[in-house]
Amino acid sequence: MAPETTTPTTTPTPPDTSGLPFLLLTSRVADALAAQEREAFGRLTGLPDRRVVHVRMEQGPFTPLDASAYAGVVLGGSPYTVTDPEAQKSPEQRRVEAELTVFLRGLVDDGVPYLGLCYGIGATGLALGGVVDRTYGEPVGTTTVRVTDAGRDDPLFAGLPEVFTAFVGHKEACSELPTGAVLLATSDPCPVQAYRVGERAWVTQFHPELELDTLVERIHAYAHHGYFRPEEKDDLIASVQAADVEAAHDVLRAFVRTFG
């Protein structure tokens, strides 16, 4: 009787995505803010226009999308807050959340490179089952982020200083990680500043994509959106003028460099 043979298993090789465009998903209700976010993304990453596809989710249904056509997907910030009572959400917000839930689950399941920024923590938690609530909201301004032990071995966070400054401003945050997620960065006011799910999906609570000018524009635009009292606007702008957030930008650059 011939001995039984088995076929060795191999790990599939990820597809070569170099040269493909990156997909930038945003939901800015103001055209000027949307354009500014798109310009900052290109400037910070060094990607040429031909390698950035910008989709504004608030303008209409944006799925289905063939995620395999992109080197990676970046979900930008948003005025939406997933913990808003359902009755207070606009039809557009409910649609965006429903589409994102299905789309993000597919990205993680298929191993498509994904980076969610600020709103990304809410949307990803909604999709993957983490707990997102208003326990750890942070006012608009800066925070001190600390890279965890796991973060020091992470492809996006390994090259960062162990402690760095980043821009923040959010009403909600992750208070319990999705199953299997790895905490990469933390802070005293907000324990979950970044995590990874699987090997190719990351989210940050802080803003790697925000430059000073962009933040100031958003402070003006969102003065009456409940992030701070309108009379605090000038003091907030003054408080962030000297902030050095270059290390935070490196998270975005590392994502594009890794998968681009």
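Brief remarks on what is shown
- Of P208, P189, P178, all but one fail to be touching a strand residue (DSSP E or B) at 6+ places or on another chain (Cβ under 8 Å), surrounded by fewer than 16 Cβ atoms within 10 Å (Cβ to Cβ) and at pLDDT 90 or above; the exception is P189.
- Extreme residue, surrounded by the fewest Cβ atoms within 10 Å (Cβ to Cβ), among residues of segment 233-260 that are in a helix (DSSP H, G or I), at pLDDT 75 or above and among the charged types (D, E, K, R): D234
- Of residues in segment 81-114 being outside any helix (DSSP H, G or I) and touching a residue at least 40 places away in the same chain (Cβ under 8 Å), the one nearest to H170 (Cα to Cα): T81
- Check on P178, assigned to a loop (DSSP other than H, G, I, E, B) and under 17 Å from V74 (Cα atoms): no
- Residue check for L44: of a type outside the set (D, E, K, R), modelled with pLDDT of 95 or more and assigned to a helix (DSSP H, G or I): yes
- Among the residues of segment 194-207, those identified as out of contact with any Cys (no Cβ under 9 Å at 6 or more places or on another chain), touching a residue at least 60 places away in the same chain (Cβ under 8 Å) and not basic (K, R) are V197, G198, E199, A201, W202.
- Filtered by the rule that a residue be outside any helix (DSSP H, G or I) and among the aliphatic types (A, V, I, L, M), segment 115-135 gives L115, L117, V131, V132.
The values are calculated or read from the model by the stated rules, or taken from the named source; none is laboratory data. Keep in mind that what you see is a predicted model, and the values were worked out from it rather than measured. Neighbour counts are summed over all protein chains in view; Cβ atoms, including those assigned to glycine, are modelled from backbone coordinates with ideal geometry.
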